[in-house]
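Quick notes on the structure that follows.
The values are calculated or read from the model by the stated rules, or taken from the named source; none is laboratory data. Predicted model, so just to flag it, every value in this text is computed and none were measured. Positions of Cβ are generated from backbone atoms using ideal geometry, with glycine treated the same way; all protein chains shown enter the neighbour counts.
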Amino acid sequence: MVKNNGIMGKLLSRGPINLSTPFKKAGTKWEIHKLDPDINNPSCPHMHAIGKPWKLDLYTGRYYDTRNGKYIGRIRRKDLVEIWKVEPIYNIITAERERYNKIVNFQKFSA
C-alpha cells in the first residue's frame, strides 16, 4: 500500500490502481478504479461503494444498485465537488475519460 495526500492507493499485480476517498459520502467510502472494465456504467468514470453493491455517477452524484441498475439516492453537490478536488482521484478521472475516448473512436472507425 502507498499513501498519497491522505488517499490510500492499492497497486494490484497486473491490475488496476484503486483509490478510495478519505471520507464517507452517503454513509460509505467510495473508490475509483483505474482501468475499470465497466468504464461507462453509469458514467465514465464512476466510483464503487466499498462494501456495498453501488456505483456513483461522478457527474450527477446519483448512485445505483449494481445488481439491478436501480437508482438509490444522490450525494450532495458539495460532496461531489469535494471528491473531484482530491488530486489523485481527479487524475484517474481524466485518465479514464481519455481511455474511454480512445475506445469509442477506435470502435467508430473500425466499424
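Considering only residues that are in a loop (DSSP other than H, G, I, E, B) and in contact with a Ser or Thr (Cβ under 6 Å, 6 or more places away or on another chain), which ones fall in the range 15-34?
Lys29
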*Taking the range 49-91, which residues are in contact (Cβ under 8 Å) with a residue 24 or more places away in the chain, among the aromatic types (Phe, Trp, Tyr) and in a helix (DSSP H, G or I)?*
Trp84
*Sort out which residues of the range 59-90 are under 12 Å from the mean Cα position of the chain (by Cα) and farther than 14 Å from Asp36 by Cα, and write them in order of number.*
Tyr59, Gly61, Tyr63, Leu80, Ile83, Trp84, Pro88, Tyr90
_If I ask for residues that are modelled with pLDDT of 90 or more and assigned to a loop (DSSP other than H, G, I, E, B), which ones from the range 35-48 would you list?_
Pro42, Ser43, Cys44, Pro45
